[in-house]
Amino acid sequence: MIRGIQFIPDNVSINFLGMRYIAFVLSAILVIASITLVVQKGLNFGIDFTGGTVIEIKTPITTPDLANMRTMLDQLNLGAISIQTFGEPDDILIRLPQQEGGNENQQVAIEKVKTSLDVFFEEGGAVDYRRVEYVGPQVGEELKKAGFFAVLYSLGGILIYITFRFEWQFGVAAIIALAHDAIATIGFFALTQMEFNLSTVAAILMIAGYSINDTVVVFDRIRENLRKYKKMPLIELFNLSTNQMLARTLMTSLSTLLALVALWYFGGEVIRGFIDALIFGIAIGTYSSVFVAAPLLLFLNIRRDKSGENTGPEEKIIEETA
């Protein structure tokens, strides 16, 4: 009989609950630091939220002089124009801020930029304009509100689902863990100043779904063991449940991360911010399922199932060998 590779032994016994206070302190520091970064540094909102124009070009020169290009565009007096490479050195992304006067002035600004770029690269050849996207300020504000409510409604829906499937204590613990993951991910973007756009909001929603899946698996085993081991202390029972699901949790996370790393490396700059958010979120979500969600149940007066007071066979074995 062929057996698969086993990274986690069957009899693993890690005292996760014994580290709960250390984990709570680390999580509190992470959340406070994330909120502080968002307040002080802010998020680097993309065109989706701020309004403006994104121009993606491929230059005829392999290594264009970005400093001279920036100086040339600044002379157009169109505001703070952002220029950065986008994948290869000759792939350039230009962000043009929202212009006063509405769409007409925005189109005039775009034409000015195109004319200047054509003159700048006229000796090397024609500039390839791959993408020109414009988002108005009103649309940007609406998208910002829609993104916020999408995250809020998803957390509320998860709270209702977990409460009905388990008990309210499980729902509260799950939502606190999910809020922890979402805040930490947003803080990661505030720290790195990577562009925060609609794809980032989609990544946060995916992280919430992934994290709640891990949390529900652990919660389901805790509920099962609460019915099976009537006299086992809760700390021991929670440790047993978490250790029983550890191999599944880690293998699911590792296999997902392998796919994301491949996408990060081969997918290009277009989806890199989205993948960065997912990689960070899955790592922090796995941590919260083990070190945040389950230990929180201890502080929420979780109830045992009192039906059937007879000790199960597994518990008898534990008592006999104690």
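Between the helical axis of 246-266 and the dominant principal axis of the chain, each derived from Cα atoms, what acute angle in degrees is found, rounded to the nearest 10?
On a 0 to 90 degree scale, this one is about 10.
Taking 0.36 nm per intervening residue step and subtracting the Cα-Cα distance, what contour gain separates residue 220 from residue 271 on full extension? Before the final figure, lay out each step's value.
On the way: separation 51, 0.36 × 51 = 18.36 nm, distance 3.44 nm.
Full extension from residue 220 to residue 271 adds 14.9 nm.
Please give the FRET efficiency for residue 299 paired with residue 261, using the beta carbon to beta carbon distance and R0 = 30 Å, rounded to the nearest 0.05. Numbers along the way, then the final one.
Values: r = 36 Å, r/R0 = 1.20.
E(calc), rounded to 0.05, equals 0.25.
Starting from the Cα-Cα distance between residue 153 and residue 111, subtract it from 0.36 nm times their residue separation and give me the gain in nm to one decimal. Walk me through the intermediate numbers first.
Values: separation 42, 0.36 × 42 = 15.12 nm, distance 4.11 nm.
In short, 11.0 nm is gained.
Starting with the highest mean, order 220-227, 61-68 by the number of other Cβ atoms within 10 Å, averaged over the residues of each peptide. Write out the running numbers ahead of the final one.
On the way: 220-227: 17.4, 61-68: 12.5.
Most protected by this proxy first, the peptides run 220-227, 61-68.
Along the charge dipole of the chain, Cβ charges K/R +1 and D/E -1, which of 53, 193, 213 sits furthest on the positive end?
Looking along the dipole axis, the top candidate is 213.
Restricting things to Cα coordinates, could you compute the convex hull volume per residue of the stretch 52-135 in Å³? Walk me through the numbers on the way to the answer.
Numbers: hull volume 6.7 nm³, N = 84.
In the stretch 52-135, the Cα convex hull volume per residue is 79 Å³.
Between residue 103 and residue 35, what length in nm is gained on full extension when 0.36 nm per residue of separation is reduced by their alpha carbon distance?
Details: separation 68, 0.36 × 68 = 24.48 nm, distance 3.54 nm.
Value of the extension gain: 20.9 nm.
Explain nothing, just the number: dipole magnitude of the chain about its Cα centre with +1 on each Lys and Arg Cβ and -1 on each Asp and Glu Cβ, in debye rounded to the nearest 20. Don't skip to the end; give the middle numbers.
Working: 25 positive and 33 negative charges, 312 e Å.
Result for the chain is approximately 1500 debye, rounded to the nearest 20.
Normalised by the number of residues in the chain, what is the relative contact order in percent for Cα pairs under 8 Å and 6+ residues apart? Before the final figure, lay out each step's value.
Values: 407 pairs, mean separation 78.1, N = 322.
Here the relative contact order equals 24 percent.
Post the alpha-carbon centroid distance, the stretch 165-224 to the stretch 71-115, in whole angstrom.
Each part's Cα centre sits 37 Å from the other's.
Remind me, relative contact order of the stretch 52-135 in percent, using alpha carbon pairs under 8 angstrom and six or more residues apart? Mind showing how you got there, number by number?
Details: 131 pairs, mean separation 39.5, N = 84.
Result for the stretch 52-135 is 47 percent.
What number does the stretch 162-311 give for Rg over Rh if you use C-alpha atoms and the Kirkwood radius? Could you put the intermediate results ahead of the total?
Working: Rg = 17.4 Å, Rh = 16.5 Å.
When Rh is taken as the Kirkwood radius, the ratio is 1.06.
In whole Å, what three semi-axes, largest first, describe the equivalent ellipsoid of the chain built from its Cα gyration tensor (square root of 5 times each eigenvalue)? Don't jump to the answer; show the numbers that get you there.
Numbers: eigenvalues 539, 89, 42 Å².
Working through the eigenvalues yields semi-axes of 52, 21, 14 Å.
Using Cα atoms only, what is the angle between the long axis of helix 137-165 and the major principal axis of the chain, expressed in degrees (0 to 90) to the nearest 10?
Helix 137-165 sits at roughly 10 degrees to that axis.
Calculate for the chain the 222 nm mean residue ellipticity that helices alone would give, adding -39,500 (n - 2.57) per DSSP H run of length 4 or more and normalising by residue count, nearest 500 deg cm²/dmol. Before the final figure, lay out the partial values.
Details: 11 runs with 195 residues, N = 322.
Value at 222 nm, helices only, nearest 500: -20500 deg cm²/dmol.
Every read-out reported here was derived from the displayed coordinates using simple, explicitly stated rules and does not represent laboratory data. Predicted model only: the values in this text are computed from it and were never measured. Quick reminder, even Gly has a Cβ in these numbers, built from the backbone with ideal geometry, and neighbours come from all protein chains shown.
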